[in-house]
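Asks: Attaching a single structure in structure tokens format; questions to follow.
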Amino acid sequence: MTDGDSRPGKSKPALLIVGHGTRSAGGVSQFQTFVDLVRTRAGGTPVDGGFIELSRPPVADVVARFVAAGQHRLAVVPLTLVAAGHAKGDIPAALARERARHPGLDYTYGRPLGPHPTLLAALDERIATVCSRAERAETTVLLVSRGSTDPDANAEVAKVARLLWEGRGFAGVEPAFISLAEPGVPAGLDRCARLGASRIVVAPYFLFTGVLPDRVIAQARGWAARNPTVDLRCAGLLGDHDGLVDLVLERFHEALDGDIRMNCDTCLYRVALPGFEHRVGAPQTPHDHPDDPTHPHGHHQHHGHGHHPHPAPIT
């Protein structure tokens with residue numbers, strides 16, 4: 001683990017931003033633009049970013065660049081909205097592998113971005129572009145997240161939905177998921193309609209464009225075509241919101257100061273939740289990235305995200 005001191009002989013800590021990865025060239029470009037924005041705002045702190053799968057550059061390449069530049073102290077921020085398998089397992093496992101590859105590498109691991117007031121403000125602003133304040137009392141929001149096999153992560157989305165509802169004047173806010181968890185988008189919209197919604201705003205809880213956010217919009221529009229009496233609108237994604245740059249830097253400084261404040265009370269790797277007892281203390285291994293030289297195959301593999309989340313056993 002690292003700290004933030006600058007004693008002689010110790011390099012200044014660098015910020016490594018880690019994303020999941022996407023097959024969308026637009027999503028990769030938006031991620032890279034975001035990393036550039038953080039670098040500009042970071043006041044001389046070295047900043048770089050990479051992915052655990054699907055997209056270049058892999059984390060291995062980014063760490064190698066840092067090490068080649070003489071940078072051996074990293075604070076790592078996972079660019080994820082919830083603490084699911086990627087943030088809890090895949091990214092820490094990838095970092096443990098890099099430390100084995102680069103003796104002397106030292107890192108501290110920050111927490112995911114959400115839940116956080118900045119994200120709620122960004123959601124509020126995105127919704128405001130398609131729904132006026134005067135319309136809110138008769139508008140229900142469907143907050144759509146990625147979805148996870150981790151019940152704790154799905155519960156975080158439900159918490160965000162409730163926090164978005166409180167004090168903002170909406171008729172209601174309901175959570176839904178595009179994969180791995182229920183309700184899905186059509187079922188979530190059905191629920192909103194049964195609760196009496198005549199106007200629904202679908203708010204994708206995603207940072208950047210990609211296959212899953214595109215699927216959210218496609219499913220929402222398909223439902224709207226089958227339900228023409230409901231006024232359905234779709235809000236934009238969060239990624240270019242200026243406050244997110246400050247939030248990443250906040251997570252960076254938390255990591256340097258050791259102020260992580262993770263909630264482990266309902267973590268399925270530590271607590272025997274009903275139906276998930278076998279996940280307690282499960283060994284964690286990193287994703288294989290096709291652009292990592294140790295990857296056993298010469299092409300991209302599809303990870304179905306029903307996979308086991310992948311550091312060493314969590315204790």
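Asks: Given the residues G104, G26, which is the only one that is more than 15 Å from the chain's Cα centre (by Cα), of a type outside the set (D, E) and on the phi > 0 side of the Ramachandran plot? So that I can check it myself, show each step before the final result.
Replies: Numbers: G26 fails: on the phi > 0 side of the Ramachandran plot.
G104 is the lone residue from the list that is more than 15 Å from the chain's Cα centre (by Cα), of a type outside the set (D, E) and on the phi > 0 side of the Ramachandran plot.
Asks: Next question. Would you check if there is a residue in segment 213-232 being at pLDDT below 95 and closer than 19 Å to L120 by Cα?
Replies: Looking for residues that are at pLDDT below 95 and closer than 19 Å to L120 by Cα, one finds none in segment 213-232, hence no.
Asks: Taking the options F170, F206, name whichever one is within 29 Å of Q32 (Cβ to Cβ) and either surrounded by 17 or more Cβ atoms within 10 Å (Cβ to Cβ) or in contact with a helix residue (DSSP H, G or I) (Cβ under 7 Å, 6 or more places away or on another chain) (or both). Reasoning before the result, please.
Replies: Numbers: F170 fails: within 29 Å of Q32 (Cβ to Cβ).
It is F206.
Asks: I would also like to ask the following. Based on what the data block shows, is R226 buried (at least 19 other Cβ atoms within 10 Å of the Cβ) and of a type in the set (K, R)?
Replies: Working: buried (at least 19 other Cβ atoms within 10 Å of the Cβ): no; of a type in the set (K, R): yes.
Taking the combined requirement at face value, the residue does not satisfy it.
Asks: Here are the criteria: (1) modelled with pLDDT under 70; (2) in contact with a strand residue (DSSP E or B) (Cβ under 9 Å, 6 or more places away or on another chain). Tell me which single one I260 does not satisfy.
Replies: Checking I260 against (1) modelled with pLDDT under 70; (2) in contact with a strand residue (DSSP E or B) (Cβ under 9 Å, 6 or more places away or on another chain), the one that fails is (1).
The values are calculated or read from the model by the stated rules, or taken from the named source; none is laboratory data. Being a predicted model, the structure only gives us computed values, none of them experimental. Every residue, glycine among them, receives a Cβ derived from its backbone with ideal geometry; neighbour counts consider all protein chains shown.
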